[in-house]
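Accompanying notes for the structure given below.
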Ligand SMILES: C[S@@+](CC[C@H](N)C(=O)[O-])C[C@H]1O[C@@H](n2cnc3c(N)ncnc32)[C@H](O)[C@@H]1O
């Protein structure tokens with residue numbers, strides 16, 4: 001999603017209900033908070049990062065993304081609004097083997113997994129960046145069982161959206177993983193303590209704490 005038009009279409013779409021649902025879910029799973037340092041992997045225009053920074057004002061939130069066009073939107077909003085002392089954005093294409101290990105008390109990611117050519121990149125990054133006991137919460141689309149199901153989800157959730165957004169949504173659904181595949185990825189990454197669940201009609205989530 002590194003084209004300016006794609007970034008603009010994504011940033012202008014109203015994902016507020018699903019974005020807030022991510023924050024509410026994290027809040028219910030981890031009522032004691034997320035600790036001192038939260039990283040939001042594949043933060044895009046910052047939809048989740050801004051909400052994390054608002055919900056956890058004593059945590060430092062770092063949004064990472066590999067697309068300059070996405071980060072430009074996030075940074076413009078950060079500069080344009082006062083009141084975000086605990087939020088930063090940084091350009092970074094995963095994997096980032098040189099990043100400091102075990103540096104974050106929470107690793108969050110929404111809608112990144114299906115974008116990666118190699119999903120293990122995400123799980124190795126979670127292991128790399130999360131401190132022992134770190135909170136992990138990831139949410140993504142899950143792949144529908146048929147092309148008819150793809151079209152049904154499009155009709156149900158993005159009717160009337162701009163064609164570019166609809167095209168990206170269809171491609172995302174087709175590229176997404178099943179919960180069984182994600183369980184296999186976690187086993188391969190030797191990430192124990194994380195639970196994979198199907199959520200609603202189109203998502204999966206991975207939640208828990210690093211061992
Ligand atoms: C669908 S957007 C999700 C944005 C944001 N997490 C949200 O919930 O609104 C996926 C993001 O992942 C980023 N991305 C894809 N591959 C990446 C990689 N290898 N490293 C860093 N970011 C990546 C894209 O640039 C894009 O901004």
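Of note:
- Among the residues of the range 17-41, those identified as surrounded by fewer than 14 Cβ atoms within 10 Å (Cβ to Cβ) and free of Cβ contacts under 8 Å to residues at least 12 places away in the same chain are 17, 24, 28, 31, 32.
- Residue within the range 36-44 that is away from the ligand (no atom under 15 Å from the Cβ) and either outside any helix (DSSP H, G or I) or in contact with a strand residue (DSSP E or B) (Cβ under 7 Å, 6 or more places away or on another chain) (or both) present: yes
- Considering each residue of the range 3-10 in turn, none proves to be loosely packed, with under 15 Cβ neighbours inside 10 Å and without any contact (Cβ under 8 Å) to a residue 60 or more places away in the chain.
- Looking only at residues in the range 140-182 that are in a helix (DSSP H, G or I) and in contact with a strand residue (DSSP E or B) (Cβ under 8 Å, 6 or more places away or on another chain), the one that is farthest from residue 121 (Cα to Cα) is 173.
- Flag if residue 168 is in contact with a helix residue (DSSP H, G or I) (Cβ under 6 Å, 6 or more places away or on another chain) and crowded, with 17+ Cβ neighbours inside 10 Å: no
- Any hit, the range 107-116, residues being closer than 27 Å to residue 31 by Cα and more than 11 Å from the ligand (Cβ to nearest atom): yes
- Filter result for residue 122 (buried (at least 20 other Cβ atoms within 10 Å of the Cβ) and assigned to a helix (DSSP H, G or I)): yes
Taken together, the values in this text are just the output of simple stated rules run on the coordinates, not laboratory data. Quantities reported herein were computed from a predicted structural model and do not represent experimental measurements. Please note: Cβ atoms are built from the backbone with ideal geometry, for glycine as well, and neighbour counts cover all protein chains shown.
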